[in-house]
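First comes the structure, then the notes that go with it.
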Amino acid sequence: MQKWKFSGIIAAAMIVLTILIYVAFFYNEKQNNSNSDIIEYIGRDRCQSCHQQEYKAWLGSHHDKAMDIATDSTVLGDFDDAEFEFNGVTSKFFRKGKKFFVRTNGPGGKIDDFEITHTFGFTPLQQYLIPFEKGRYQCLPIAWDSEKNKWFSLIEAAYGENIPEPSDWLYWTNNAQNWNGMCAECHSTNLQKNYNPETKEYNTTYSEIDVSCEACHGPGLKHEEWANLLETERSSTTNYDLIVKTSNITNREYVDLCGYCHSRRSSLGPLDFSKGHFMNIATPQVLDENYYPDGQVLEEDYVYGSFAHSKMYANNIKCNNCHNVHSGKLLFEGNDLCAQCHQPKVYDDFSHHFHKKKGESGYPLVIKDHTYDIGEGALCVNCHMPGAYYMGNDFRNDHSLRVPRPDLTIAIEVPNACNQCHENQSAKWADNYINQWYGQKRKPHFGTIFKLGREANQQALSEIIQIAKNGMYLPIVRATAISLLANYRNQESFDAITWALNETEPLIRLNAVRSYSHQDYEDLLKNILPLLNDPIKSIRIEAGFKLSSLPMERIPAEKKNLLQNVIEEFTIAMNYSADFASSQHNLGILNNNLEKYDLAVKHYYEAIKIDSLFYPAKANLSVVLNKLGRNDEAETVLRDLILTQPDFPDAYYSLGLLLAEKEKYEESVSYLQKASELMPERPRIFYNLGLMLQFLNRHNEAEKALLTALNIEPMNLDYLYTLADHYIKRDKFKEAKIIAEKINTNFPASGVGQQILNYIKDKPR
């Protein structure tokens, strides 16, 4: 038997994981004091002497109360021996002197007393932070509802009946609920995570505990020095010597400034204002499965992704057109906010919204246990920014600012604003009213195409490419289209992705690199190598990651040092977030590409240790273990993968091939057959299944499998040759001749078809 090469899912794109439950934050007085000595950051107390108005607006804001030390004045929850029962566990909240405690289930599910040292947020909920060993701070999964004044379970709100076990990454004492890595950088100023991947220790520091002046404006020392100069000595061309420019900038620059925190993204390192472009410090996500196909919020998106594909964004609206950036409050209440741009006589009128205003006679809408008062239907925000609850009780509006489209609900099963209130009615009912009020004409929407693209429907391919190349769509929409092309492995998609590598929009280029699947080494060198010089870090390191799969001898001599430097950049970025399974997984892929197999194994195991259900690491680990000849270990990993992820089809395929290599032939066939059932579109599975069945002399089954492979991919020379060989071995020379003639016609240069014809010409028919 030949040595079987079995499959993994070595992805060429960094995996970004997010979770539904937000986690809390930490503070350490000694660390805080030492970090205050960093000369660039001066603290808000020195800012407020000149900026009193801004400081007063900021006081009491969500940014101000993002995090604090747990004291009588900051803790809102009931710690007077209050009890809360959930999932069979009764948690007790109590005090010892000035300290706050909770008795609840901790590591391993064991009941214990835990001190609460810090608060996070204040309304509509407040969370609490608990210190653990090695500098870790974890968020308690029980929060205080500061509007209803009661304790509630964040776990129940996020996961319903799917309660994480103590071994689960999502369990509150594990990494998913770890403050240092999950949330700290956006809830304190000048956050330095300082994670050591070798010791698994955090030495997290910051200059101010909450989101203060310099979190947005950058380090203030130089500005303070500028302000202390005589007016005649001050430069008028240096942005007041502020590192970050926040006025007289484009809406894209403004939204990117807020987007570092208000987005789904992965960090490439600590926030460094000197890096310039947003994508030099983070990689924002596109409209992926965290959104509905039409871009509406499904999971929490922190606003950026929604707003970046909105009509408002396209028309140069900035965050501060609606929000006071210091207080965080809206500039105006109700429809007056929208009336800044939209004429009230036209839009704040019954002829536009067809709903009664507050104060008009009528009856409220009562649906189940919710009452919609008269006037709510006339509010712009309720029709154009429908929202959802996150973290149990925090209602957040979708910032994609869209018109209600019940027709899309009918077509692609996405929500619409009408049925968010009128949930007792059908989408067809809502669409009839839209037709009656506004006519039947609808603009085409990318959502209908993206839904098909997620399913790799061939009928959508040309339209996805059209969206990607159409400058009328916003960059995040076009980048999403490029990301969907990764689902299509053909020349048309390859050409479109290759075209996108040279696009001016960085987000499009980034997703083109991630989606790029080279046809041969020369293509990879030609198309990806130039991006090692890309000015945007996230693109540059993704290109280096992609090129790491090439043998170093194939890299031009003058580019080797550059590639090594970019790979080092990538490694540093991954080590920054090495407390995430996805980053360890990426380091595993990198070292596998570099043929540093022992290191690859180490990183894959680290990924699994962080998240035991992170199946990509298990799949790729089995591949590397096979390369190292550790097949028993690889088999154990794959069997565990199938046990924990029974719906992951590649695991069955990989295990089937591995078992064939280990000469467990009958069992191999059973797993290959399961893989063929789960992935009927993959001809290579049927091809290998056919070979295995042929080896076991199960000839009729082998023929059927080989024919299936050929039907899926009729012009594959390997499949044609193997089927001809199969017929020859069974003395079916007539059938073999038909296949050989097809090879001769389509692959004359190979000479294979003629060789078969020569062999069988004297055989009896």
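The values are calculated or read from the model by the stated rules, or taken from the named source; none is laboratory data. Just so you know, these numbers come straight off a predicted model, no measurement behind them. Here Cβ is always computed from backbone atoms with ideal geometry, including for glycine, and neighbour counts include all displayed protein chains. Just the protein is used for accessible areas: all its heavy atoms, side chains included, with ligands, DNA and RNA removed. Shrake-Rupley method; radii C 1.70, N 1.55, O 1.52, S 1.80 Å.
Loop only per DSSP, at most 12 neighbouring Cβ atoms within 10 Å: give me the GluC sites (Glu not before Pro) in the stretch 671-765, ordered by residue number.
The qualifying sites are Glu681.
Distances longer than 25 Å among the Cα atoms of the stretch 455-568: what percent of all pairs is that?
For the stretch 455-568, the fraction of Cα-Cα distances above 25 Å is 22 percent.
On C-alpha positions alone, give me the angle between the axis of helix 733-746 and the longest principal axis of the chain, in degrees, nearest 10.
Taking the Cα atoms of the chain, the angle to 733-746 is about 60 degrees.
What whole-number value in Å² describes the accessible area per residue of the stretch 698-748 for a 1.4 Å probe?
Ligands and nucleic acids excluded, the figure is 53 Å² per residue.
By what distance, in whole Å, do the Cα atoms of the chain stretch along each of the three principal axes, largest value first?
100, 66, 65
How much length would be gained if the chain were fully extended between Asp80 and Ser462, taking 0.36 nm per residue of separation minus their Cα-Cα distance, in nm to one decimal?
131.1 nm
Evaluate the Debye formula for the stretch 518-579 with equal point scatterers sitting on the alpha carbons, no solvent, and hand back log10 of I(q)/I(0) at q = 0.16, 0.20, 0.23, 0.30 Å⁻¹, in q order, two decimals.
Log-scaled intensity ratios, in q order: -0.47, -0.71, -0.91, -1.35.
Which length gain, in nm to one decimal place, applies between Glu253 and Tyr433 when the Cα-Cα distance is subtracted from 0.36 nm times their residue separation?
60.8 nm
Evaluate 2.2 N^0.38 Å with N set to the residue count of the stretch 445-506, then give the Cα radius of gyration divided by it.
0.99
Can you give the FRET efficiency to the nearest 0.05 for Ser235 and Ser274, using r as the Cβ-Cβ distance and R₀ = 30 Å?
0.95
Give me the one-decimal Kirkwood hydrodynamic radius in Å for the stretch 391-505, with the sum taken over alpha-carbon pairs.
Every distinct Cα pair counted, the radius reaches 16.2 Å.
Using DSSP to define loop residues, name the trypsin sites (Lys or Arg not before Pro) in the stretch 338-393 whose beta-carbon has at most 12 other beta-carbon atoms within 10 Å.
Listed in order of number, the matching sites are Lys358, Lys368.
Over 22 Å between Cα atoms, which of Lys110/Lys193; Lys537/Lys559; Lys193/Lys329; Lys222/Lys245; Lys245/Lys275 qualify?
Where the Cα-Cα span goes over 22 Å, the pairs concerned are Lys110/Lys193; Lys193/Lys329.
Tell me the carbon and sulfur percent of the accessible area for the stretch 271-324, rounded to whole percent, probe radius 1.4 Å.
Looking at the stretch 271-324 in its full context, I get 49 percent from C and S.
What number results when the radius of gyration of the stretch 50-159, computed over Cα atoms, is divided by 2.2 N^0.38 Å?
The stretch 50-159 yields a ratio of 1.16.
If you fit an axis through the alpha-carbon atoms of helix 557-576 and take the longest principal axis of the Cα set of the chain, what angle between them do you get, 0 to 90°, nearest 10?
Value to nearest ten degrees: 50.
Above 21 Å lies some portion of the pair distances; for the stretch 593-741, what is it as a whole percent of all C-alpha pairs?
It works out to 50 percent of all Cα pairs.
Could you sort Tyr254, Tyr615, Tyr292 by their accessible area in this structure, using a 1.4 Å probe and putting the largest first?
Ranking Tyr254, Tyr615, Tyr292 by accessible area, largest first, yields Tyr615, Tyr292, Tyr254.
With the crude spin-label approximation of a point 7 Å out along Cα→Cβ, what separation in nm comes out for Gln755 versus Asp598?
Placing both labels 7 Å along Cα→Cβ, they lie 4.1 nm apart.
Pop out the carbon and sulfur fraction of the accessible area of the stretch 466-564 as a percent, whole number, probe 1.4 Å.
47
Quick one: net charge of Ser247's neighbours, Cβ under 12 Å, K/R +1, D/E -1?
Result for the neighbourhood of Ser247: +1.
Just by accessible area at a 1.4 angstrom probe, what is the order of Ile449, Ile712 from largest to smallest?
Ile712, Ile449
Give the accessible area for Ile476 in Å² (nearest 10); use a 1.4 Å probe, count only protein heavy atoms, and leave out ligands, DNA and RNA.
Here the accessible area works out near 10 Å².
Once you've got the Cα coordinates, tell me which of Lys311/Lys526; Lys609/Lys664; Lys469/Lys618; Lys742/Lys763; Lys318/Lys546 are over 26 Å apart.
Too far apart for the 26 Å limit: Lys311/Lys526; Lys609/Lys664; Lys469/Lys618; Lys318/Lys546.
Can you list the chymotrypsin sites (Phe, Trp or Tyr not before Pro) in the stretch 164-224 that are in a DSSP coil and have 11 or fewer other beta carbons within 10 angstrom?
Sites meeting the loop and neighbour criteria: none at all.
Could you tell me how many degrees, from 0 to 90 and to the nearest 10, lie between the Cα long axis of helix 581-593 and the main elongation axis, the longest principal axis, of the Cα atoms of the chain?
Helix 581-593 and the main axis of the chain meet at about 40 degrees.
Describe numerically, in nm with one decimal, the distance between label points set 7 Å from Cα along Cα→Cβ at Lys469 and at His51.
Inter-label distance under the simple model: 4.7 nm.
Work out, step by step, the length gained on full extension between Ile738 and Ile69: first 0.36 nm times the residue separation, then minus their alpha carbon distance; give nm to one decimal.
232.8 nm
To the nearest 10 Å², what's Asp431's accessible area with a 1.4 Å probe?
Number for this one is 20 Å².
Once label points are set 7 Å from the Cα along Cα→Cβ at both Asn228 and Val346, what is their separation, rounded to one decimal in nm?
Label-label distance for Asn228 and Val346, simple model: 5.3 nm.
What figure, in Å² to the nearest 10, do you get for the accessible area of His118 with a 1.4 Å probe and non-protein molecules left out?
Rounded to the nearest 10, the figure is 10 Å².
At a 1.4 Å probe radius, which order do Val752, Val325, Val255 fall into by accessible area, largest first?
Largest accessible area first, the list is Val325, Val752, Val255.
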